[in-house]
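The block underneath contains the structure these notes are about, expressed in structure tokens.
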Amino acid sequence: MVIEPKVRGFICTTAHPTGCKKAVEEQIAVAKSYAGKIRAGKKALIIGGSTGYGLASRIALAFGGGAATLNVMFERPAAGVRTATAGWYNTAALEERAREEGLYAKSINGDAFSAEIKERVIAAIKRDLGKVDTVVYSLAAPRRTMPDGTVYSSALKTVGDVFTDKTIDMRTGEVGEVSVTPATEEEIDATVKVMGGEDWADWIAALDNAGVLEKGALTLAYSYIGPTLTHPIYRDGSIGMAKRDLYYTAKALTKKYGVNARISVNKALVTQSSSAIPVVPLYISLLYKAMKAANVHEGCIEQMCRLFSDKLNVFDDEGQIRLDDYEMDEKIQSAVKKAWQAVRTDNLSEYADLDGYWHDFYRMFGFRADGVDYSADVDADVPIAEA
């Protein structure tokens, strides 16, 4: 079948297997340039390792560090005329390449919040790896179903007051204003349930209780802080409440289980999550322009390779790893602030990298990759052998 991108809102409902494979191969090439420099462990569990920072973490550890990797994902295979999700194709491409190079790389597909998936993962670790020395928690789920059937959904809202600022309609390029309403207490609690540290703690407890977690293992969760401009939504909003809970969870895990639990504060990038947050797409497009002009722009794989080679033992005053150091550099933020004040619909191209934004958006789903013939028939049904 010939696969074309079908964009609805902030997601693409199709994915291209050849384009996803090309993107994975490009990330593998970056990871290989770090061979001998990756300082993390050799047996890694990646919870949420099929897209974004989770996928890049898995690639960096496997192809840069030679690690065995077990991935937990929640992806959909192809069915009839419907393509698989991008994460499915990413995983298939990574694991095919890993087999060629003699690396252990397997996945378990299902709801990472559930006890069933935790049990399956533990069984796979006991059977194949014995124990894991690295656990990356990189879930970006919009909702969580509890054992009693209760469903919690995250909310992208402020806390306390209405927030009004510039935004952009990414389809039309029109710069306007948006107002974000405050979250209710119920919405805040639900967002913390979905995006906070509770499930991360459940994973570490389950692994430790089963005897499959190495003493002193490294475990990482990813977060974002950003500039004052985005604080009403990110740092001080409902997401911020969840990320604060993640931070305190890291402290508690280190104390209770003797693991090295850390938060890595990463750079703003185009993701399905960030595309849905008001204000943020405009900020990212301005940030891309400034960082590319200064030659300090990084994608997911560059960030994760730098994390595992250079930043694991470099912390801020709160004990967090700051991979957003290039983004938060005073010169970069000064340029973004000036652009934010000046940008309008009629001068957007002067200040914003919309082409770069859309390039990254489509690349998430396997489109716009160099050297891929998108007019060719491809087999959308790509198998994955689950652990």
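Things to note:
- Residue selection: TYR248 fails the criterion of being open to solvent by 10 Å² or more (accessible area, probe 1.4 Å) and either touching a strand residue (DSSP E or B) at 6+ places or on another chain (Cβ under 7 Å) or closer than 19 Å to TRP340 by Cα (or both).
Table: residues versus (1) surrounded by fewer than 20 Cβ atoms within 10 Å (Cβ to Cβ); (2) touching a Lys or Arg at 6+ places or on another chain (Cβ under 8 Å).
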position	(1), (2)
GLU26	yes, no
ALA29	yes, no
ALA44	no, yes
GLY48	no, no
THR85	no, yes
ALA98	no, no
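- Residue match in the stretch 16-34 (condition: modelled with pLDDT under 95, out of contact with any strand residue (DSSP E or B) (no Cβ under 9 Å at 6 or more places or on another chain) and farther than 23 Å from TYR357 by Cα): no
- Only residues that are touching a Leu at 6+ places or on another chain (Cβ under 8 Å) and open to solvent by less than 70 Å² (accessible area, probe 1.4 Å) were counted in the stretch 336-352, giving 7.
- Within the stretch 146-165, residues that are more than 23 Å from GLU198 (Cβ to Cβ) have Cβ atoms under 8 Å from residues that are among the polar types (S, T, N, Q) in these pairs: VAL162/SER179; VAL162/THR181; PHE163/SER179; THR164/SER179, counting only partners at least 6 apart in sequence or on another chain.
- Top-ranked residue of the stretch 225-245 - restricted to ones that are open to solvent by less than 50 Å² (accessible area, probe 1.4 Å) and in a loop (DSSP other than H, G, I, E, B), ranked as nearest to LYS193 (Cα to Cα): GLY237
- Filtered residue count, the stretch 349-369, keeping only those that are of a type in the set (D, E, K, R) and closer than 25 Å to GLY49 by Cβ: 3
- Subset of the stretch 145-161 [open to solvent by 40 Å² or more (accessible area, probe 1.4 Å) and aliphatic (A, V, I, L, M)]: VAL151, LEU156, VAL159
- Residue ID - farthest from the chain's Cα centre (by Cα), chosen from residues in the stretch 268-304 that are of a type in the set (A, V, I, L, M, F, W, C) and in a loop (DSSP other than H, G, I, E, B): ALA294
- Criterion: hydroxyl-bearing (Ser, Thr, Tyr), in a loop (DSSP other than H, G, I, E, B) and open to solvent by 50 Å² or more (accessible area, probe 1.4 Å) - qualifying residue of THR164, THR172: THR172
Rundown of residues vs (1) modelled with pLDDT of 95 or more; (2) at positive phi, yes/no style:
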{"site": "SER273", "(1), (2)": "no, no"}
{"site": "VAL279", "(1), (2)": "no, yes"}
{"site": "LEU286", "(1), (2)": "yes, no"}
{"site": "PHE308", "(1), (2)": "yes, no"}
{"site": "MET328", "(1), (2)": "yes, no"}
{"site": "ALA335", "(1), (2)": "yes, no"}
{"site": "ASN347", "(1), (2)": "yes, no"}
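The values are calculated or read from the model by the stated rules, or taken from the named source; none is laboratory data. It should be emphasised that the depicted structure is a prediction, and the values quoted were computed from it without experimental measurement. Don't worry about glycine lacking a Cβ; one is built from the backbone with ideal geometry, like all the others, and counts go over all protein chains shown. We work out accessible area using only protein heavy atoms, side chains counted, and drop any ligands, DNA or RNA first. Shrake-Rupley method; radii C 1.70, N 1.55, O 1.52, S 1.80 Å.
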